[in-house]
1. Can you tell me which residue among Val90, Val94, Val85 is in contact with a helix residue (DSSP H, G or I) (Cβ under 7 Å, 6 or more places away or on another chain), at pLDDT below 90 and either β-branched (Val, Ile, Thr) or surrounded by fewer than 14 Cβ atoms within 10 Å (Cβ to Cβ) (or both)?
2. Does segment 108-125 contain any residue that is out of contact with any Pro (no Cβ under 9 Å at 6 or more places or on another chain), over 24 Å from Glu53 (Cα atoms) and in contact (Cβ under 8 Å) with a residue 40 or more places away in the chain?
3. Filter segment 49-85 for residues that are under 17 Å from Asn110 (Cβ atoms) and of a type in the set (Ser, Thr, Tyr) and give the result.
4. Considering only segment 38-73, state which residues are among the hydroxyl-bearing types (Ser, Thr, Tyr), touching a residue at least 12 places away in the same chain (Cβ under 8 Å) and either in a helix (DSSP H, G or I) or out of contact with any strand residue (DSSP E or B) (no Cβ under 6 Å at 6 or more places or on another chain) (or both).
5. Which numbered condition in (1) without any contact (Cβ under 8 Å) to a residue 24 or more places away in the chain; (2) surrounded by 12 or more Cβ atoms within 10 Å (Cβ to Cβ) is the only one that Thr164 fails?
6. I'd like the full set of residues that are in contact (Cβ under 8 Å) with a residue 40 or more places away in the chain, surrounded by fewer than 18 Cβ atoms within 10 Å (Cβ to Cβ) and either under 18 Å from the mean Cα position of the chain (by Cα) or closer than 30 Å to Leu121 by Cβ (or both), limited to segment 15-30.
7. Sort out for me the helices (runs of 4 or more DSSP H) sitting completely within segment 74-170 that have 2 or more residues that are within 30 Å of Val21 (Cβ to Cβ) and not acidic (Asp, Glu).
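The values are calculated or read from the model by the stated rules, or taken from the named source; none is laboratory data. What you see is a predicted model, and the numbers here were worked out from it, not measured in a lab. Positions of Cβ are backbone-derived with ideal geometry, glycine not excepted, and every protein chain shown enters the neighbour counts.
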Amino acid sequence: MVFRIRKNFLLALGLTCLLLVALLLICIVQQETIGKTLILAAIMFPVLGLFAESWRRQILFSADAIVSRRLFRQKTLPLSEITSVDTVKVRRRVFVSISTEADFLILSNNYDHFDQLLTQLQNCLPESVISEETRALAHDLPNKSSDLFSIWLAVVVLLLILYTQLGGTF
């Protein structure tokens, strides 16, 4: 099974990118000040980068390894070399660290079907490398929605900015 970043997050982030590009184009066409256009571009490029990175991010399990694919890189951790799987929980955000002697991989509950990802880890690895917190977490995963709320709020704010930029009034 391939684990990817949650689709509802990617949808909102993609819409944010689209609205930022539209706003930048409108600012250029309306010949807004160079400072305003540069600030908008400075905001837009990191958001586009985050979208591209999030869209490409994948976790795959093969018979003998865990593979993490990202935008311009790939990391493979052989299952036989994994020495520990630990969990850190910060409010509703969860990070799982998968370590070998030479390398590590950190996953968050931003992945879709994160509970299944944890179950897959438990099925592929010996019990001795998986922490108690990680085992317990697979059965009681916190629902994380604050990032989703924030990104949809950004969409609404950008829609309002576009509306006023195109001459709309409140």
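1. Answer to the check: Val94.
2. Yes, the conditions are met somewhere in segment 108-125.
3. Selection gives Ser54, Ser68.
4. Hit for segment 38-73 is Ser54, nothing else.
5. Only one criterion in (1) without any contact (Cβ under 8 Å) to a residue 24 or more places away in the chain; (2) surrounded by 12 or more Cβ atoms within 10 Å (Cβ to Cβ) is unmet by Thr164, namely (2).
6. Leu15
7. Numbers: elements: 114-124, 132-137, 146-165.
By residue number, 146-165.
Matching residues to (1) under 23 Å from His113 (Cα atoms); (2) at pLDDT below 90; (3) exposed (fewer than 14 other Cβ atoms within 10 Å of the Cβ); (4) acidic (Asp, Glu):
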{"residue": "Asn8", "(1), (2), (3), (4)": "yes, no, yes, no"}
{"residue": "Ile39", "(1), (2), (3), (4)": "no, no, yes, no"}
{"residue": "Leu60", "(1), (2), (3), (4)": "yes, no, no, no"}
{"residue": "Phe72", "(1), (2), (3), (4)": "no, no, yes, no"}
